[in-house]
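Report on one structure; see the data block that follows.
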Amino acid sequence: MRNLKRALSLALSTVMLVGMMAVGTSAASYADVDSADNVEAIEVMKAVSVMVGDENGNFNPDKNVTRAEMAVVMANLLDLQVEDFVGASIPFTDVPQWAHSFVAACYADGITGGISATQYGSNNSITAVQAALMMMKALGYFQYASDFENDWQLTTLRQASKIELFDGIDTAATEAMTRNDVAQIALNALTSSMVENDG
């Protein structure tokens, strides 16, 4: 059922995305976004309410994204019913209250895990390989530990490159991702193929 919900959410987002492709890249709706940024990705993420700007009308494209904030992006991208996870039990002791239901929803859906048995790493910046793993889990990849062979990072990077998840992103695998990069990887995920069962 979770995979079906995931597929439907991604399909719906893709339909919305196709309608937004006409958004021009010459003018951004955020004052702090310019042509050096991933304007189309930022505009699409705003249009589908996955990532929005701050109270001052800025997108803050160069700001690093934390793991807690990435859970919000993933929950919005997949249209998870976060209100059902208020007060839900999770094994992590470092998740702030504002992010609890988002992390809990992503954790229950198999999209994310912790950096240890009891720590989510909420305030740590999300790395490119961690963000790619979350996106690919949403697409149906890596549902079992055995899918990773001997090295989860190497396997994730190999598959992410294969499905062009890093197109338009200039961040090394273990470097922090900015809001600009996260918008682009989310857009790339929406246009990527979901995993196909080979039997």
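Every number in this text was worked out from the coordinates using simple rules, so none of it is lab data. None of these values were measured; they are calculated from a predicted model. Cβ coordinates were reconstructed from backbone atoms using ideal geometry, including for glycine residues, and neighbour counts include every protein chain displayed.
Quick notes on this structure:
- Per-peptide packing, taken as the mean over residues of other Cβ atoms within 10 Å, places 94-100, 104-110, 184-190 in the sequence 184-190, 104-110, 94-100 from highest down.
- Rounded to the nearest 20 debye, dipole of segment 20-173 from Cβ charges on Lys, Arg, Asp, Glu: 360 debye
- Debye intensity ratio I(q)/I(0), log10, segment 85-199, q values 0.13 Å⁻¹ (C-alpha model): -0.52
- Taking a ≥ b ≥ c as the square roots of the eigenvalues of the alpha carbon gyration tensor, segment 31-131 is prolate, as a/c is not under 1.5 and a/b beats b/c.
- FRET efficiency, N150 to D34 (Cβ-Cβ, R0 41 Å, nearest 0.05): 0.45
- Of the GluC sites (Glu not before Pro) in segment 26-99, those whose Cβ has at most 15 other Cβ within 10 Å and which sit in DSSP loop: E55
- Span from the segment 110-149 Cα centroid across to the segment 38-85 one, whole angstrom: 18 Å
- Approximate spin-label separation S49-S193, in nm, with each point projected 7 Å along Cα-to-Cβ: 3.2 nm
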